[in-house]
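Down below is the structure, laid out as structure tokens.
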Amino acid sequence: MIVLVKVLASISTNHEMESQLKGRDLLTLLDYTSDEITYLLKKALVMKKETMEGKLTPVLAGKTLGMIFEKHSTRTRISFEVGMIQLGGHAMFMNAKDLQIGRGESVYDTGNVLSEYLDGVMIRANSHEMVKELATHSTIPIINGLTDIFHPCQALADLLTIMEVKGSLAGKKIAYIGDGNNVAHSLVIGAANMGMHVAVATPVGFEFNPNLFAKAQKIASLNGGSVIQTYEASEAVEQADVVYTDVWTSMGQEEEAASRLEAFKGFQINDALVAHAKSDYMFLHCLPAHREEEVATSVIDGPNSYVFQQAGNRLHAQKSVLASLL
């Protein structure tokens, strides 16, 4: 309780940070400092408590968030929509196929038009370049709900969950096992900003983006953390505080499913692998999960799994983002 009171006090008096974040886009955590990420996480922690106590202030009353989807979604759509409702605002679902952008209208025109109607846009898209272009041609905050390269909102929820369970982030070791994809990119960049020690284990040919990996290493070194890459899952998991994985075949990769199953043999999170982690390790997964594929049922449904708390924290992390940016 004392810790939360201190967090609340630091949030309520940080007017400089509030001004700094207002009107910003959230396209990638590369655009955010460690102080800014820390502020968003602490604000999420406070807002979660206020929500559970029925004391959340409707700071977005009268505001409308447009939600554009090029990809299917469960957690992203529901958490953003519920988040806006809890903050007193409105969320509008927009299937990209039903918009004029789906019939060839330019991103330039779309961005300018949406800026006339909405207070912000959350977009879940195929191309990160398109989302960057939309942000360039919009005068309202654009929030990345997932692209082919980044998933920053998921990473914020991940870090929030670790903070809740472990009490702090700096110095903790997180092992990411699996595909070096958009989830991995944002998770590692966020963890590097928080001074965590990150070990990424992927099969050959499925590595973390090398340019982003170099940036994450530089960020980590500036914040007292570290980032390494290996092809041995057991090496990455050794004495880890957190073990994280994602599906081996993501949306749009269905034709590669068979070859990926073969390539990822030896990278399943199972009881034998997590025996290398600390006894009180946390298991995290962004979901949806394929039990007995990338993770054993005994792990994801076991006592060290926090996947549903992690999923629930998408709501609170995103409320922090919405309240701060909008």
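Values in this text are rule-based calculations from the coordinates and carry no lab data. For clarity, every value in this text was computed on a predicted model and none was experimentally measured. Because the Cβ atoms are built from the backbone with ideal geometry, glycine has one as well, and the counts that use them run over all protein chains shown.
Given +1 at the Cβ of Lys and Arg, -1 at the Cβ of Asp and Glu and no other charges, the dipole of segment 152-311 around its Cα centre is 660 debye to the nearest 20.
Measure up Lys71/Lys132; Lys173/Lys319; Lys55/Lys319; Lys42/Lys132; Lys22/Lys319 against 20 Å on the Cα-Cα distance and list the ones that go over. Violating the 20 Å limit, Cα to Cα: Lys173/Lys319; Lys42/Lys132. For the chain, the longest principal axis of the Cα atoms and the long axis of helix 75-86 meet at an angle of about 40 degrees. Based on DSSP H segments of at least four residues, each scored -39500 (n - 2.57), the chain has a per-residue ellipticity at 222 nm of -13500 deg cm²/dmol. Relative contact order for the chain: 19 percent, from Cα pairs under 8 Å spaced at least 6 residues apart, divided by residue count.
Highest mean packing comes first when the peptides 105-116, 79-90, 141-152 are listed by Cβ atoms within 10 Å, giving 141-152, 79-90, 105-116. Angle check, please: helix 210-222 long axis (alpha carbons) against the longest principal axis of the chain (alpha carbons), in degrees 0 to 90, nearest 10. With rounding to tens, the tilt is 90 degrees. For Glu254 and Val113, the FRET efficiency from 1/(1 + (r/R0)^6), where r spans their Cβ atoms and R0 equals 35 Å, is about 0.55.
Note on segment 152-311: the alpha carbon radius of gyration divided by the globular reference 2.2 N^0.38 Å gives 0.94.
Computed log10 I(q)/I(0) for segment 157-240 at 0.17, 0.24 Å⁻¹: -0.60, -1.18, from the Debye equation with unit scatterers placed on every C-alpha and solvent omitted.
Across segment 271-322, the mean sequence separation of Cα contacts (distance under 8 Å, 6 or more residues apart), normalised by length, yields a relative contact order of 39 percent. Its relative contact order, with pairs defined as Cα atoms under 8 Å and 6+ residues apart, puts segment 152-311 at 23 percent. Nearest 0.05, what FRET efficiency do Ala272 and Met52 give at R0 = 30 Å with Cβ-Cβ as r? In this case the efficiency is close to 0.20. In a solvent-free Debye calculation with one equal scatterer on each Cα, what is log10 I(q)/I(0) for the chain at q = 0.08, 0.10 Å⁻¹, listed in the order of the q values? Debye curve over Cα of the chain, log10 I(q)/I(0) at q = 0.08, 0.10 Å⁻¹: -0.35, -0.56. Counting only DSSP beta bridges whose two residues both lie in segment 152-311, roughly 0 percent are antiparallel. Say a paramagnetic label sat at a point 7 Å from the Cα of His290, along Cα to Cβ; which residues of segment 242-263 have their backbone N under 19 Å from it? So the set is 244-263.
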